[in-house]
Amino acid sequence: MGKKPKFTGLSRFLPQEFLSPNAASLSEESQNQSKPAKKRKTDARGPVRTRYDATALVPHYTTAHEVPENLQKYFSQRKRYFSLYDQGCLLDEEGWYSVTPENIAVQIADRCRCDTILDPFCGVGGNAIAFAKTCEHVIALDISPTRLALARHNAAIYGVADRIEFILADYISFANAYLSRPNPTRRIDVVFLSPPWGGPGYISPSENHVSTADNADFQDELETHAQYSLSRIQPIHGVDLFLLTKRISDNIAYFLPRNADLNEISALGLLEKDESVTPNDESRMIEVEEEWMGSKLKALTCYFGGLVAGQEHVF
Ligand code: MGP
């Protein structure tokens with residue numbers, strides 16, 4: 001800890017370069033997209049080192065006794081998060097509790113097939129890796145240099161690091177810069193929003209939640225009434241995040257807690273990015289996909305615009 005992450009080839013947030021025809025800041029990955037992904041060999045001595053190795057940044061846990069108490073339940077699901085975990089996948093604390101399980105990421109990526117997809121909260125890369133297999137261009141942002149380096153390390157294990165453009169950026173600044181360009185050189189077709197939900201406590205009521213039940217019923221109330229409000233999304237209110245994103249693309253997949261308030265989600269479908277736009281009823285449908293793993297509901301993916309089944313014509 002305290003060690004500054006060392007990384008090379010990641011694009012810093014330089015919107016004018018990202019948007020310029022010469023794209024001087026495009027990362028090494030995107031410049032090498034024509035190179036075929038190298039086949040990886042397993043090594044009996046342990047994880048294989050890749051070109052984007054980030055093993056110095058966080059530990060790669062192999063047994064439960066190495067894992068801090070608060071991460072134990074996530075470690076036991078490690079192969080659900082990354083089926084190639086044993087080949088050296090790396091997660092930091094936030095990555096452990098917020099990475100999308102691989103099967104779910106694959107399902108979402110299948111729905112989001114397009115030319116260019118933006119994953120502005122890429123974390124340790126679970127979704128970006130899946131998008132690299134269904135989309136032509138993947139732009140993955142994160143505000144944390146460590147997590148971005150871990151995402152690229154993990155993508156290298158999956159053989160797709162060269163298919164993802166990793167950019168160290170805060171999404172709000174990136175979006176505003178992108179939108180301020182009259183003619184961005186790269187059109188973004190789909191945005192996958194998987195922002196921080198405010199930590200693993202998202203399932204509990206927020207501090208200003210007022211219990212209407214006796215203490216004895218409180219646990220039941222948590223299960224049935226602790227709806228998650230979009231106001232708890234970070235770094236800005238979830239409604240504002242959606243509206244900002246809608247100015248980039250109508251085609252949005254919004255990954256939200258399983259206890260998210262469905263009334264708030266359906267209200268998003270009535271929002272227009274620009275009040276002068278005449279509402280188009282046909283593009284108003286929203287699809288909410290429940291993401292189950294076995295008997296457990298893990299999260300909701302809410303699809304908007306052309307990502308909604310039957311609404312592909314608005315893409
Ligand atoms: P969970 O409920 O914290 O984990 O998150 P789990 O293991 O299902 O807990 P259990 O005790 O209820 O069994 C479920 C899933 O939600 C995770 O696998 C992540 O994909 C996702 N997730 C969790 N958090 C805290 C976040 C977050 O902050 N942001 C995003 N985008 N996804 C999250």
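Quick note: the coordinates plus some simple rules give every number you see, no bench work behind them. Note that the structure is predicted; figures quoted are calculated from it, not measured. Here Cβ is always computed from backbone atoms with ideal geometry, including for glycine, and neighbour counts include all displayed protein chains.
Measuring r between the beta carbons of Arg181 and Asp240 and using R0 = 22 Å, the FRET efficiency lands at 0.55. Set the bar at 19 Å for Cα to Cα. Now go through Lys133/Lys298; Lys73/Lys133; Lys79/Lys296; Lys133/Lys296 and name every pair that lies beyond it. Distance filter (> 19 Å) returns Lys133/Lys298; Lys73/Lys133; Lys133/Lys296.
Spin-label model, Leu262 to Ala226: label points 7 Å out along the Cα-to-beta-carbon direction sit 2.0 nm apart. Spin-label model, Glu69/His313: points 7 Å from Cα along the beta carbon direction are separated by 5.9 nm. Charge tally for Asp92 (other residues, Cβ to Cβ under 12 Å; Lys, Arg +1; Asp, Glu -1): -2. Among 104-117, 243-256, 72-85, sorting by the average number of other beta carbon atoms lying within 10 angstrom of each residue, highest first, gives 243-256, 104-117, 72-85.
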